[in-house]
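Engineer: For reference, the structure I am asking about is given below.
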Amino acid sequence: MTKTDKDTGSAASCARVQRPAAGSYAEEIGCIVMASGLSARYGKNKLLEKLGDREVILHTVSAAAAAGLSPVTVTRSEEVKRLLDEKGYPCILHEMPLKSDTMHIGMKHAGVSPKGWLFMQGDQPLILPETISRLVRDFLNDPESVCRLSYRGSPGSPVIFPASMKEELLSYRGDRGGMEILKKSGTICRTTEASGEWELMDADTPESMEKLRQQDLKY
């Protein structure tokens, strides 16, 4: 079995998974957590940094699960894979270099014929489950459009792409991600307003991590 094909952890750890809530969107939306970056600007693995009582990646993944999704994390980090296995969250370990590789691997493992695929960054720990749910509902009201989270006109992550763009997503190869595909496709992009700019914040640098820690909205 190759690293790309490794799946979830033990049955014992699965008992601790925060399962999708009532009104689950798991069958309608494939959820891919993009966690394959090398944290070059951070200096060490930012996804394993503690924010409050949990690692950054656990905040992100658990928010998606609490929103009614079944997140699949795609990573090149054995430590992230081990942590998520211990918590019972599906995680795929791979060695491919491009962002498009992460997208394609995630799509392969996230849902069976969903209406769309939600892509979110692994280092977005302050995003709220209810915000993710609103984003999904907005998308399902118009499932032929792209829908992404934004705040006061500044777009960010997550982004949901419709099933009609499957071939475009799977044929894309590069390191700029889905927005490059969107620009070429001409597909309408709608936005869902976040509760605050802090929901869009990521942990790209030690300075940005410190800003996350200063937020007392969740912790």
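Engineer: Tell me which residues, restricted to segment 90-125, are outside any helix (DSSP H, G or I), polar (S, T, N, Q) and over 13 Å from the mean Cα position of the chain (by Cα). Outline the logic, then answer.
Structural biologist: Filtering segment 90-125 for residues outside any helix (DSSP H, G or I) gives 90-98, 110-125.
If we keep only those that are polar (S, T, N, Q) too, we end up with 113, 121, 124.
Scanning segment 90-125 gives a single hit, Ser113.
Engineer: Also, I was wondering about something else. Counting only residues that are touching a Leu at 6+ places or on another chain (Cβ under 7 Å), assigned to a loop (DSSP other than H, G, I, E, B) and farther than 25 Å from Ser145 by Cα, how many does segment 190-216 have?
Structural biologist: 2
Engineer: Can you find a residue in segment 197-217 that is more than 25 Å from Glu55 (Cβ to Cβ), touching a residue at least 24 places away in the same chain (Cβ under 8 Å) and exposed (fewer than 14 other Cβ atoms within 10 Å of the Cβ)? If you could, list the steps in order and put the result at the bottom.
Structural biologist: Taking segment 197-217 as the starting set, the residues that turn out to be more than 25 Å from Glu55 (Cβ to Cβ) are none.
Within segment 197-217, not a single residue is more than 25 Å from Glu55 (Cβ to Cβ), touching a residue at least 24 places away in the same chain (Cβ under 8 Å) and exposed (fewer than 14 other Cβ atoms within 10 Å of the Cβ).
Engineer: Does Lys87 satisfy the criteria of being over 15 Å from the mean Cα position of the chain (by Cα) and of a type in the set (D, E, K, R)? I'd like the intermediate steps shown before the answer.
Structural biologist: Details: over 15 Å from the mean Cα position of the chain (by Cα): yes; of a type in the set (D, E, K, R): yes.
Judged against the criteria, Lys87 is a match.
Engineer: Right, another one. Going by the structure shown, is Thr187 surrounded by fewer than 20 Cβ atoms within 10 Å (Cβ to Cβ), modelled with pLDDT of 95 or more and not in a helix (DSSP H, G or I)?
Structural biologist: Values: surrounded by fewer than 20 Cβ atoms within 10 Å (Cβ to Cβ): yes; modelled with pLDDT of 95 or more: no; not in a helix (DSSP H, G or I): yes.
No: the conditions fail for Thr187.
Engineer: Looking at segment 126-140, which of its residues are of a type outside the set (Asp, Glu), within 21 Å of His59 (Cα to Cα) and assigned to a helix (DSSP H, G or I)?
Structural biologist: So in segment 126-140, the residues of a type outside the set (Asp, Glu) come out as 126-129, 131-137, 139-140.
From what is left, the residues that are within 21 Å of His59 (Cα to Cα) are 126-129, 131-136.
Answer for segment 126-140, where residues must be of a type outside the set (Asp, Glu), within 21 Å of His59 (Cα to Cα) and assigned to a helix (DSSP H, G or I): Pro129, Thr131, Ile132, Ser133, Arg134, Leu135, Val136.
The values are calculated or read from the model by the stated rules, or taken from the named source; none is laboratory data. From a predicted model like this one, the values you see are computed outputs, not experimental measurements. Backbone-built Cβ (ideal geometry, glycine too); neighbour counts: all protein chains shown.
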